[in-house]
Amino acid sequence: MSLTKAKAVLFDLDGTLLDTLQDLATSGNEVLAGRGLPPHPLDAYRTFIGNGMVNLARDVFPPEMRPETEEQIAAVLEEYRAAYSRNWTKTTVPFPGIAGVLDRLVADRIPIGVVSNKAHDFTLQCVETFLGDWKWDVLIGAREGHPRKPDPAGALEAAAVLGVAPEDCLFVGDSDVDMMTAKAAGMRAIGVSWGFRPVEELNWAGAEVILETPADLLAWVG
């Protein structure tokens, strides 16, 4: 496998940089409890996360009770956002080893950014709160009127902001959505083994390599 060095790194957020699973799950289960529905176990949320907050808020419901109309979806999204606003700082932390990698990337002047399907305002808040020790060159979350991953628009926008050609960017993530985004954008698809989705999913979706630890990323940039 080629070890051609990349010039910039774009990261997914949830499941890649930050372990947000418990806080996202707590928020989803609060929405369900408010509707008199039973909670999901923590691991169930691994499959709900990655396609944006709208889909998460919808998918936690049983299929026969899933909101379908714009009004219903807007209502559950509002409930989920309110719950997450209460919970997002309770247990979320960067994954072990992330801090050291970001130290090196910034010290080596490698441009870094985040492209997430998390709502843009929460993306900014999470980065500022949990990853604010590092200078981020571009931060893109889910914004109204902009397509979400796996559409490559956000990744390509980020590369343009960085002034780096897509083929010189690594796109690092923990889901098939991230790998498909990387492929669609013409970027290097880098999967992580510590995230919310199984490694088999990443390989199926076209990961060029699976990182066993965050430090493994450093072999791919320079």
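Read the figures in this text as sums done on the coordinates, not as results from a lab. Since the structure is predicted, the reported quantities are computational estimates derived from the model, not experimental observations. Cβ placement follows ideal geometry from the backbone for every residue including glycine, while neighbour counts extend to all protein chains displayed.
Key figures
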{"read-out": "Surface/4 of the Cα convex hull for the range 1-98, nm²", "value": "8.8"}
{"read-out": "C-alpha center-to-center spacing [the range 119-161, the range 46-95] in angstrom", "value": "19"}
{"read-out": "Computed helical MRE - 222 nm, the chain, DSSP H runs ≥ 4 contributing -39500 (n - 2.57), nearest 500", "value": "-12000 deg cm²/dmol"}
{"read-out": "The range 1-146, relative contact order [Cα under 8 Å, separation at least 6], %", "value": "32"}
{"read-out": "Set of lysines near Lys90 by C-alpha distance (under 21 Å), chain-local residues within fewer than 8 positions excluded", "value": "Lys118"}
{"read-out": "Built amide H within the under 5 Å cut-off of Ala8, gap 5+", "value": "Leu170"}
{"read-out": "Which of Ile49, Gln22, Leu37, positive extreme of dipole for the range 21-87 (C-beta unit charges)", "value": "Gln22"}
{"read-out": "Dipole magnitude of the range 21-87 about its Cα centre (Cβ charges: Lys, Arg +1; Asp, Glu -1), debye to nearest 20", "value": "180"}
{"read-out": "Compactness index (Cα Rg / 2.2 N^0.38 Å), the chain", "value": "0.99"}
{"read-out": "Built amide H within the under 5 Å cut-off of Val209, gap 5+", "value": "Gly191"}
{"read-out": "Cleavage-rule hits, trypsin sites (Lys or Arg not before Pro), the range 34-125, DSSP coil, Cβ neighbours within 10 Å at most 16", "value": "Arg35, Lys90, Arg109"}
